[in-house]
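Have a look at the structure below before the remarks.
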């Protein structure tokens, strides 16, 4: 499987593109192959989630071209996680092959390894920090994003920030609405669905989301240090 993985990585880079491969997929390492399940690892939970959400199809396809006995690919984090993420397994039975693949889920066992040293400095992962990073990318402030303004220039950054609050931080739509100026959960649902649809055909938006995700995953700026309020303070303000 080591040889198959090395060959597959070349195909993955070609299909995903050099920029995406360099930012997100180059860090993937082969860990184990057991019962048709390939376990890969990466450095952070956010990158693991991003790979599983956006690129697992390409990775699985490229691996199956090298090994027909590959059933599923899972991504685990190198150190710091008690529970590995769930990986989709595609039903490859004769019946399933005649229709759309049916996804089920199974736990991928995390292989034994020596974890790398923990990164220095704080590692905040809050909606407030995410809003700030999105705003910086689009040239607006976090205050603008959570404001009541419906200015055209704020629509895309606000919706992208809502989408990433869901996909990266796994916040509920109700909580996302509250974090964005006390909006209704239906506003968050609309934003998440819209960005998810746009990502399927908009390469520029995919590149922007990938860049923001990478910056957020490696961010070491605390809300206090950057002048941002924490998620907790947001909640207090909204309840007041």
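The values are calculated or read from the model by the stated rules, or taken from the named source; none is laboratory data. Model, not experiment: these values are computed from the prediction. Here the Cβ positions follow ideal geometry from the backbone for every residue, glycine too, while neighbour counts run over all protein chains shown.
One line per residue, one yes/no per condition, for (1) out of contact with any helix residue (DSSP H, G or I) (no Cβ under 7 Å at 6 or more places or on another chain); (2) surrounded by 21 or more Cβ atoms within 10 Å (Cβ to Cβ); (3) assigned by TED's automatic domain parsing to the domain that holds residue 215:
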{"residue": "132", "(1), (2), (3)": "no, yes, yes"}
{"residue": "138", "(1), (2), (3)": "no, no, yes"}
{"residue": "141", "(1), (2), (3)": "no, no, yes"}
{"residue": "153", "(1), (2), (3)": "yes, no, yes"}
{"residue": "161", "(1), (2), (3)": "no, yes, yes"}
{"residue": "169", "(1), (2), (3)": "no, no, yes"}
{"residue": "176", "(1), (2), (3)": "no, yes, yes"}
{"residue": "179", "(1), (2), (3)": "no, yes, yes"}
Next item on the list: Those residues that are in a helix (DSSP H, G or I) and closer than 12 Å to residue 54 by Cα, I need them from region 187-206; list them, please.
Entry: 196, 199, 206
Checklist line | Residue match in region 222-231 (condition: over 17 Å from the mean Cα position of the chain (by Cα), farther than 14 Å from residue 129 by Cα and either in the same structural domain as residue 134 (by TED's automatic domain parsing) or modelled with pLDDT of 90 or more (or both)) | finding: no
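For every residue, the table says whether it meets (1) crowded, with 18+ Cβ neighbours inside 10 Å; (2) in contact with a strand residue (DSSP E or B) (Cβ under 9 Å, 6 or more places away or on another chain); (3) modelled with pLDDT under 80.
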position	(1), (2), (3)
7	no, no, no
14	no, no, no
38	yes, yes, no
65	no, no, no
68	no, no, no
94	no, no, yes
100	no, no, yes
Check: Based on what the data block shows, is residue 27 surrounded by fewer than 19 Cβ atoms within 10 Å (Cβ to Cβ) and at pLDDT below 85?
Finding: yes
Margin query: What's the total number of residues in region 22-59 that are closer than 20 Å to residue 167 by Cβ and part of a helix (DSSP H, G or I)?
Written below: 17
Check: Among all residue pairs at least 6 apart or on different chains, which show Cβ distances below 6 Å where the first residue, located in region 2-28, is touching a residue at least 60 places away in the same chain (Cβ under 8 Å) and the second is in a loop (DSSP other than H, G, I, E, B) and crowded, with 16+ Cβ neighbours inside 10 Å?
Finding: 4/67
